[in-house]
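The values are calculated or read from the model by the stated rules, or taken from the named source; none is laboratory data. All figures in this text were calculated on a predicted structure; none of them were measured in a lab. Please note: Cβ atoms are built from the backbone with ideal geometry, for glycine as well, and neighbour counts cover all protein chains shown.
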Amino acid sequence: MINNLFSGLPLVLLALLAALTFWLNQSVRAPSTAQNEDVHRAPDYMMENFSATRMDHDGVTRHVLFAKRMLHYPDDDTTDLEQPRFINTEPGKPALQVDADHAKMSANGEDIYLTGNVTVLRKAGKGRGETTMSTSFLHLIPDDDIAKTDKPVVITEANAVIKAVGMEISNRTQVTRLLSQVRVVHDKGR
């Protein structure tokens, strides 16, 4: 009887060894693609109620970015912002302030895509009155001082309300291009 017990022991040990090998293999195996995407889509850091200032080579502030919350994602080096406020304070140019519900910023802040209740306020300057613009989407290119959209936009000035679909603003040249379906209501009494 004891002989029969010992004769079955190698099979039991072999089965245990196989189970242990299978368990170790599953433990060290790389996560599946779906698991891998979830891991990489998780933010690597978060900030709340922050501001960031960008200066030129002379130390003069070019623009400031504020946001209620920021999430950075390492997989594509993008940043999501909640309630962002972007202010361009370049000397010699009218101040430009942009507010939105959300924004996505590319690596190095070269492109900022604002969505939801986007409002642009350009302060008065050099013979021009204050201008307010609103849209649902705006693409900012801070280094080129350009803001553009292909969505409906409403522009309000001292004596006019302008509605259009699509717009491009250059803060450097102070030129605003309206792309289509432009309607202007001009009121001298305003």
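The table below gives the values:
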read-out: Checking Asn49 against (1) part of a strand (DSSP E or B); (2) exposed (fewer than 12 other Cβ atoms within 10 Å of the Cβ); (3) at pLDDT below 85, the condition it does not meet; value: (3)
read-out: Pair list, Cβ under 6 Å, 6 or more apart: the range 51-69 residue closer than 16 Å to Lys104 by Cα, other residue not in a strand (DSSP E or B) and not β-branched (Val, Ile, Thr); value: Ala67/Pro84; Lys68/Gln83
read-out: Count - residues of the range 70-92 that are of a type outside the set (A, V, I, L, M, F, W, C) and buried (at least 17 other Cβ atoms within 10 Å of the Cβ); value: 5
read-out: Hey, Lys148 out of contact with any Ser or Thr (no Cβ under 9 Å at 6 or more places or on another chain), within 18 Å of Arg177 (Cα to Cα) and of a type outside the set (A, V, I, L, M, F, W, C) or not; value: yes
read-out: Residue within the range 85-94 that is farther than 19 Å from Asp56 by Cβ and at pLDDT 85 or above present; value: yes
read-out: Some residue of the range 29-46 being assigned by TED's automatic domain parsing to the domain that holds Ile169, under 19 Å from Asp144 (Cα atoms) and at pLDDT 80 or above; value: no
read-out: Single match in His63, His57 (criterion: part of a loop (DSSP other than H, G, I, E, B) and either assigned by TED's automatic domain parsing to the domain that holds Ala147 or at pLDDT 85 or above (or both)); value: His57
read-out: Top-ranked residue in the range 133-184 [being touching a residue at least 40 places away in the same chain (Cβ under 8 Å) and at positive phi; ranked as farthest from the chain's Cα centre (by Cα)]; value: Gln174
read-out: Count - residues of the range 173-190 that are closer than 17 Å to Gly92 by Cα and either in contact with a strand residue (DSSP E or B) (Cβ under 8 Å, 6 or more places away or on another chain) or surrounded by 11 or more Cβ atoms within 10 Å (Cβ to Cβ) (or both); value: 2
read-out: Residues of the range 116-132 satisfying the condition of being under 18 Å from the mean Cα position of the chain (by Cα) and either modelled with pLDDT under 90 or not assigned by TED's automatic domain parsing to the domain that holds Gln83 (or both); value: Val120
read-out: Residue selected from the range 93-120 under the condition at negative phi and of a type in the set (Gly, Ala, Ser), by the criterion surrounded by the fewest Cβ atoms within 10 Å (Cβ to Cβ); value: Ala107
